[in-house]
1. Residues with beta-carbon under 13 Å from that of Glu445, excluding Glu445: net charge, scoring Lys, Arg +1 and Asp, Glu -1?
2. Under a crude label model (7 Å from the Cα following the beta-carbon direction), how far is Ile451 from Ala205 in nanometres?
3. Classify the range 317-393 as rounded, prolate or oblate, taking a ≥ b ≥ c as the square roots of the eigenvalues of its Cα gyration tensor: rounded when a/c is under 1.5, otherwise prolate if a/b is larger than b/c and oblate if not.
4. Taking 51 Å as R0, compute the FRET efficiency from the Cβ-Cβ separation of Glu349 and Glu266 and round it to 0.05.
5. Can you give the extra length, in nm with one decimal, that the chain gains between Val309 and Asp296 once fully stretched, where that is 0.36 nm per residue apart less the Cα-Cα distance?
6. How big is the dipole moment of the range 151-313 about its Cα centre under a simple scheme where the beta carbon of each Lys and Arg is +1, that of each Asp and Glu is -1, and everything else is neutral? Debye, nearest 20, please.
7. Given the peptides 172-181, 260-269, arrange them by the average over their residues of other C-beta atoms within 10 Å, most packed first.
8. Exactly which chymotrypsin sites (Phe, Trp or Tyr not before Pro) in the range 193-288 are in a DSSP loop and have at most 15 other Cβ atoms within 10 Å?
Amino acid sequence: MKDSARVLVADDEPSIRFVLRETLESAGHEVVDVETGEEALEALASQTFEIAFFDIRMPGPGGIELLRHVKAIGNDVAVVIITAQNTLENAVEAMKEGALDYLAKPFSTEEILPLVDKTLRTRALESEVRSLRREVSGRIPPGERLVGLSSSLLEVFKTIGRVARGNVAVLVTGESGTGKELVARAIHGASNRADGPFITVNAAAIPRDLLESELFGHERGAFTGAVQARAGRFREASGGTIFLDEIGDMPTDLQAKLLRVLQSGEVSPVGGNQAETVDVRVIAATHRNLEAAVADGSFREDLLYRLRVVPIHMPPLRERPEDIPPLAQHFLQRYDAELTDRPHMLAEEATACLARHDWPGNVRELENAIKRALVLASGDVLTPEDFAFLEPRTASTDLDAPMPESLEERAIAETQAALESGEDDIYRGVLPRVERAVIETVLRETGGNQIKAAAKLGINRNTLRKKIVDLEIDVPGRT
C-alpha cells in the first residue's frame, strides 16, 4: 500500500487550510491548498490527488459542485465534504453523490489522518463504489425531513445517503415516536424510485383477517364482502417503495407469505391463481426487539434476515438532547400559523424547560407538546409556564446524579429503578444512563486517545467527541 498521499484542500478559511496542511504534512503527505472553487478546479485539471477536502460553501463552486465535477469526469480522487451546516440535506446529498465522508466544523485533527489511511487502503475498490453512487438520483421531498444536530442523527443521515442508491431491504428500529417513517420517506425520496409511489402499511393497525388482503390484494368473491377485486398495497407500490410499519406485530402465518413475496418478487392475491411480479423496495420498521421475538418464536428468523439487509436505528430523544431546540423551533414554525392567529416565539427558559423533560414519547411527544402550548398560550412568547404539563426529568436519568461506587452497581440500580417504574425497553433505556462512566473508563485505559477509545467503544469518532462535550467528560492528558 502507498504510504503517502497527495491531498487537495479547498476552503476559504485560512485557519482550516493551515490546520489541515500542518496535520497532513506532519504525517508525510503532500498538500496543495486553495481558497476558491475555481482554484480547486484548476488544481484538479493539472494534478493528480488521492484525496480532497472540500468546503461545502466557498467562493466559486462549492464542495458538492466540485464533488459532482470529479465524479462526472471520472476522477478517482476521494472527497471529504467539510461544512459548518450540519443538516440532513447536506449529509444525504454528500454521501449520495459519493463522498468518502462528511465532517462538521469544528472537527478534531485526530479525525483527518484516519480518513487518508482509509483512502489508501480502499483505493482499488473506489471505482466500483463511485459507479454505483452515480446511479442514485432523486431528492428529499419538502416536509418529509428529519430535524436535528446530534452526531447520532448525522450517522443516520449518512446511512440514508449510502443506502438510497440500492434497492436492498432496510429495517428501521427505534422506540415509538422517534421518526422511523421519516427515515423511510427520506430513503425513498433520495432514491431513483422517488417518482414512484410510497405506500405505508401499519401491520398493528389492520385487523388480522384483513391484513393479507390489504397487502396482497384479492379477487372478486374471494371471501364474504369481496364484491370487487383489489390490487393490494404491494401491487400499488410497484415501481416505488412499500413501508411496512410495526412489522414485529405481523401474525406468523402472514410472515411466511411475506417471506415468499420477498424471495420471489411475486404477489398472489387472495382467491387468485395467477402470481404477478412486482418491482417494490421494502422498508420495514418496528419498536420491538426482533431478536427476542425470534427467540420466543413470534417472529421468523429467515424473515428477519430478509428485512434487515441494512439496519438503521433511530435513537430516542433522551439520548440526543441537543436535537430538542431545533426540533422545538421546527414544530413551532410548522404549526404556528395553522393553530393560531398570531406569530409566537419560544423563550430560552422554555427551551431549557423542554431539555429537562425525558420525552418518553420521543419526537412525537415533543411535537404534541408544542401544539398544546401554542393552542393554550395566553401570550406571544411561549414560557416555561406554557409547558407546566410536562414532568421534569427524574433523578434516575439525571447525568449529574450521584453514581454508585462501581459501574456494575450503577447499572443494577438503574435497572431496578426502571423495573419499579414499569419502564419498557429497559436495555436501551438504562445503557445511556451509565454511558458516561463507560466512556470515562475507556478514555482512561487509552490514555485519552479518542481514536483508540472510539474503536474500543465501537462508536464513530464524531459520536465520541460529541458525547465528551455533552456529558462534560474530562479527557485524560488534555489540558
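None of the figures in this text is laboratory data; all of them are computed from the coordinates on show. No experiment lies behind these values; they were computed from the predicted model shown. Cβ atoms come from the backbone with ideal geometry, glycine included; neighbour counts cover every protein chain shown.
1. Local charge sum for Glu445: +2.
2. 4.8
3. Note, shape of the range 317-393 comes out prolate.
4. Efficiency, rounded to the nearest 0.05: 0.30.
5. Gain on stretching Val309 to Asp296: 2.5 nm.
6. Using Cβ point charges on Lys, Arg, Asp and Glu, the range 151-313 gives about 440 debye.
7. In descending order of packing, they fall as 172-181, 260-269.
8. Those that pass, being in a loop and sparsely packed, are Phe223.
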